[in-house]
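The values are calculated or read from the model by the stated rules, or taken from the named source; none is laboratory data. Owing to the predicted nature of the structure, the values given are computational and were not obtained by experimental measurement. Note that we place each Cβ from the backbone using ideal geometry, even for glycine, and neighbour counts take in every protein chain shown.
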Amino acid sequence: MLEVRPGLYLGGAAAVAEPDHLKEAGISAVLTVDSEPGFKEGAGFEGLRSLFVPALDKPETDLLSHLDRHAGISRSVAIVTAFLMKTDHLTFEKAYENLQTLKPEAKMNEGFEYQLKLYQAMGYEVDTSSAIYKQYRLQKVTEKYQN
């Protein structure tokens, strides 16, 4: 588990496998972005909040639609990068570079990179009335029916 900044950690499935380590680190909330929830019902410790966003680690996975609703390596890196972009008003490139300085192996797939660049273009908000967002959603629907 990597501390990105005080109170913000980045980690994979192994990081949540030991709830005692989370408690020791003072972690009170966990966001799991994966194909399976990180915790089974009732797991963890008292007071631990968890949120699950179902997402595959594939370029065609739509993370953009989840960024404003919810405040694998690629998915976690994308979510933390979006957080840094919004809270620090950083470009995609600068936020991603900052994260890679802390964790050089941090990578995300090209689909997530594209979505974060759209997020930046929309002013770090998911503006569903925006023309670029509508074009993005149309592209996703088209891909769904072509596959």
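Of the residues that make up the range 69-78, is at least one modelled with pLDDT under 85, closer than 20 Å to V4 by Cα, assigned to a loop (DSSP other than H, G, I, E, B) and out of contact with any Asp or Glu (no Cβ under 6 Å at 6 or more places or on another chain)? Looking for residues that are modelled with pLDDT under 85, closer than 20 Å to V4 by Cα, assigned to a loop (DSSP other than H, G, I, E, B) and out of contact with any Asp or Glu (no Cβ under 6 Å at 6 or more places or on another chain), one finds at least one in the range 69-78, hence yes. Scanning the range 1-14 for residues that are part of a loop (DSSP other than H, G, I, E, B) and within 14 Å of the chain's Cα centre (by Cα) gives G11, G12.
Return the pair list, or none, for Cβ contacts closer than 6 Å from residues in the range 15-35 that are in a strand (DSSP E or B) and modelled with pLDDT under 85 to residues that are surrounded by fewer than 14 Cβ atoms within 10 Å (Cβ to Cβ) and not aliphatic (A, V, I, L, M), at least 6 apart or on different chains. Hits for this filter: A29/R49. A search for C-beta distances below 8 Å between a residue of the range 98-110 that is under 21 Å from L56 (Cα atoms) and any residue that is assigned to a helix (DSSP H, G or I) and of a type in the set (G, A, S), counting only pairs 6+ apart in sequence or on different chains, returns K107/S74; M108/S74; M108/A78; N109/S74. Restricting the range 47-68 to residues that are modelled with pLDDT of 80 or more and of a type in the set (D, E) leaves a set whose member that is surrounded by the fewest Cβ atoms within 10 Å (Cβ to Cβ) is E60. Restricting attention to the range 79-110, and to residues there that are of a type in the set (A, V, I, L, M, F, W, C), more than 12 Å from the chain's Cα centre (by Cα) and in a loop (DSSP other than H, G, I, E, B), which single residue is modelled with the lowest pLDDT? The extreme case among them is A106.
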